[in-house]
1. Size of the range 46-110 along its principal axes in angstrom, Cα-based, largest extent first?
2. How high is the relative contact order of the chain? Use alpha-carbon pairs under 8 Å, at least six apart in sequence, and give a whole percent.
3. Rg and Dmax of the chain, using alpha carbons, in Å: what are they?
4. Just to confirm the number: angle between the C-alpha axis of helix 19-32 and the first principal axis of the chain, 0 to 90 degrees, nearest 10?
5. As I understand it, the dipole of the chain uses +1 on the Cβ of Lys and Arg and -1 on the Cβ of Asp and Glu, about the Cα centre. Which of Pro92, Ala47, Ala67 lies farthest toward its positive end?
Amino acid sequence: MKGEIFYGKGIRELEDEHPDLYDLVKNINETVWSGNVLDYKTQKLIAIGITASRADPRATKKQIQSAINELDITKEEIVDVLRVVLLTSGMPAFSKSLQILNSVISTMDEE
């Protein structure tokens, strides 16, 4: 999510309607993804784990897609993250996230 890529609905509307709030969100985005200690790839894998553990299909899909597209993160690396999700959040979150990962991979293979 480096740059000005926002997954939250409504963020783009802020740019025109409330530029001060948009700048705030943009600055938070840049600060969080700074890679001060952890590199961006590690941060992205953590983001996948968090969204997957929340069983948030939209956010999990977006995080997985950007991880693969931006950072060439492999399916195996994501599965390792999902193993932790299985341990910490249980089978439903793990299963849903694995389905999302396979769907993303399948869609990419078709392109």
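Read-outs throughout are calculated quantities, based only on the coordinates presented, and are distinct from any laboratory measurement. None of these values were measured; they are calculated from a predicted model. Because the Cβ atoms are built from the backbone with ideal geometry, glycine has one as well, and the counts that use them run over all protein chains shown.
1. 30, 18, 18
2. Computed value for the chain: 23 percent relative contact order.
3. 14.9, 43
4. Between helix and principal axis, roughly 40 degrees.
5. Pro92
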